[in-house]
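Asks: Okay, handing you the structure first.
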Amino acid sequence: MNKKVILDCDPGHDDAISIIIAAAKTSNLKIEAITTVAGNVEVEKNTLNALKVCDIIGLDDVPVAQGAGKPLTNKMEIAEEIHGETGLDGPLLPEIPSKKPVDQHAVDLIIEKVMESDDDITLVPTGPLTNIALAMIREPAIVPKIKEIVLMGGGTFGNWTPAAEFNIYVDAEAAKVVFESGVPITMFGLDVTHQALATTQTIEDLSVIDNDVAKFVVDLLKFFMKTYKEFFDFDGGPIHDACTVAYLIDPSIFEMKHVHVDIETKGEYTYGMTCVDMLGVTGKETNVNVAYQLDQKKFWDLFYNALSSYTE
Ligand code: BDR
Ligand code: CA
């Protein structure tokens, strides 16, 4: 049986790859909607990018809805250094996508889909959690109906500040709403997403796959690897967001621990930190399934098989 998902994202190179893996023929996911949020770049650009990705992979029947244009209370913070001015710099993209966004706010589409569901929709946020928090605030009745939230964010160290990862830092107030909601949460933080490191070897291996989607991913990765070298001195680009869908397709790729996680919203140096209680020192009830280890072979096999499935 296919698992129903809503991909809430800010594409973004790794968000785009996440959509591509979720929509591949090898996937057991049914994408109910793609919703966009301000994050890597402004929400309008993220929406345009989501539509362009849909065009490239021929994903015609999935609604794309634009969501929040700024965090709940923070000023906007974007990651142009990593994703370029368009949010998806690198590959040659269609100037104007043929697909159009639906005439409904992302928050309303999320609420509608969840309320109409048999409690079987998993939300997959790979950007700041603004839309998800807003949906919970606008319609609290969705909370017990959400099957699970499988998100990319946080970790035991930061990439935007020493303590905070970008997605959580951008809207920590929204993250707090979501983490305290009581919905089962599975978290892919930097500890595990940095293990999903695409390298020059990855590019070499991918180059043998003869289809346009794989070529598009190669171009995405080349740009992403370049900025990760410049900004973090990494010898590769971590395809953070793709861990979420890889987990949903094959949970055995990851090792997980169910622990307590709090979101820091007050600290002078720690704002946006996910306080991950790996050793159970708080004694608080566990609320998050945290991924901490990735099986390299299984992960990259899934990745290559997904991209190969786009060959006619
Ligand atoms: C996260 O931030 C964004 O730049 C990526 O798309 C990913 O979701 C990594 O910190
Ligand atoms: Ca993202």
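Asks: How high is the relative contact order of the stretch 126-169? Use alpha-carbon pairs under 8 Å, at least six apart in sequence, and give a whole percent. Kindly include the intermediate steps, with their values, before the conclusion.
Replies: Details: 39 pairs, mean separation 17.7, N = 44.
Worked out over the stretch 126-169, it gives 40 percent.
Asks: What residues have an amide H closer than 5 Å to that of GLY155, excluding those fewer than 5 places away on the same chain, when H is modeled at 1.01 Å from N in the peptide plane?
Replies: Hits under the 5 Å cutoff: LEU190, THR274.
Asks: Still on this model: Of SER98, SER117, SER27, which is the most mobile in a GNM of the chain whose springs link Cα atoms less than 10 angstrom apart?
Replies: SER98
Asks: Hey, in the GNM for the chain with a 10 angstrom Cα cutoff, which one of PHE231, PHE166, PHE179 fluctuates hardest?
Replies: Of PHE231, PHE166, PHE179, the Gaussian network model singles out PHE231 as fluctuating most.
Asks: Please quote Rg/Rh for the chain to two decimal places, taking the Kirkwood radius as Rh and restricting both calculations to Cα atoms. Numbers along the way, then the final one.
Replies: Details: Rg = 17.7 Å, Rh = 19.0 Å.
Computed over Cα atoms, the ratio is 0.93.
Asks: Let me ask another. Through the Karplus equation 6.51 cos²θ - 1.76 cosθ + 1.60, θ set to phi - 60°, convert the phi angles of the stretch 197-210 into ³J(HN,Hα) values in whole Hz; use x for Gly and Pro.
Replies: So the Karplus estimates, Gly and Pro as x, are 9, 7, 10, 4, 5, 4, 4, 4, 5, 5, 4, 7, 7, 9 Hz.
Asks: Starting from the stretch 1-64, pick out the trypsin sites (Lys or Arg not before Pro) whose DSSP state is loop and whose Cβ has at most 11 other Cβ atoms within 10 Å.
Replies: Values: sites: LYS3, LYS4, LYS25, LYS30, LYS45, LYS52; in loops: LYS25.
Answer in residue order: LYS25.
Asks: Modelling each spin label as a point 7 Å along the Cα-to-Cβ direction, I'd like the THR282/THR26 distance in nm, to one decimal.
Replies: 3.7 nm
Asks: Let me ask something else. Separation of the stretch 111-137 and the stretch 268-291 by C-alpha centroid, Å?
Replies: First find each Cα centre; the distance between them is then 23 Å.
Asks: If you take the Cα Rg of the stretch 29-87 and divide it by 2.2 N^0.38 Å, with N the number of residues, what do you get?
Replies: Numbers: Rg = 12.4 Å, N = 59, 2.2 N^0.38 = 10.4 Å.
Cα Rg divided by the expected 2.2 N^0.38 Å: 1.20.
Asks: Give me the three principal axis extents of the stretch 15-143 from the C-alpha atoms, as integers in angstrom, largest value leading.
Replies: 42, 39, 24
Asks: Charges at C-beta only: +1 for Lys and Arg, -1 for Asp and Glu. How large is the resulting dipole of the stretch 170-266 about its Cα centre, in Debye rounded to 20? Intermediate results must be reported in sequence, preceding the final value.
Replies: Details: 7 positive and 17 negative charges, 17 e Å.
Computed about the Cα centre, the dipole is about 80 debye.
Asks: Once you charge only the Cβ atoms, +1 for Lys and Arg and -1 for Asp and Glu, what is the size of the charge dipole of the chain about its Cα centre, to the nearest 20 debye? Write down the numbers at each step before the final one.
Replies: Numbers: 24 positive and 49 negative charges, 72 e Å.
Using Cβ point charges on Lys, Arg, Asp and Glu, the chain gives about 340 debye.
Asks: Got a sec? How would ILE82, ILE17 order by Cβ neighbour count within 10 Å, fewest to most? All intermediate terms of the calculation are to be shown ahead of the outcome.
Replies: Numbers: ILE82 22, ILE17 29.
Taking fewest neighbouring Cβ atoms as first place, the list is ILE82, ILE17.
Asks: From the Cα trace of the stretch 1-62, what convex hull volume per residue do you get, rounded to a whole Å³? Provide the component values of the computation, followed by the final result.
Replies: On the way: hull volume 4.4 nm³, N = 62.
In the stretch 1-62, the Cα convex hull volume per residue is 70 Å³.
Asks: Report the charge-dipole magnitude of the stretch 1-140 in Debye, nearest 20, computed about the Cα centre from +1 at each Lys and Arg Cβ and -1 at each Asp and Glu Cβ. Display every interim value, and only then the final one.
Replies: Numbers: 12 positive and 24 negative charges, 35 e Å.
So the dipole magnitude of the stretch 1-140 works out to roughly 160 debye.
Asks: log₁₀ I(q)/I(0) of the stretch 209-278 at q = 0.17 Å⁻¹, via Debye over equal Cα point scatterers, no solvent, to two decimals?
Replies: -0.97
Asks: Once amide H atoms are built 1.01 Å from N in the peptide plane, which residues 5 or more positions from LYS3, or in another chain, come under 5 Å H to H?
Replies: LEU29, LYS30
Asks: Okay, moving on. What per residue convex hull volume, in Å³, comes out for the stretch 63-107 when only alpha-carbon positions are used? Working shown, then result.
Replies: Details: hull volume 4.7 nm³, N = 45.
Normalising the Cα hull of the stretch 63-107 by residue number yields 104 Å³.
Taken together, the values in this text are just the output of simple stated rules run on the coordinates, not laboratory data. Since this is a predicted model, take the numbers as computed values, not measurements. When we count neighbours, we look across all protein chains shown, and the Cβ atoms used for this are built from the backbone with ideal geometry, even at glycine.
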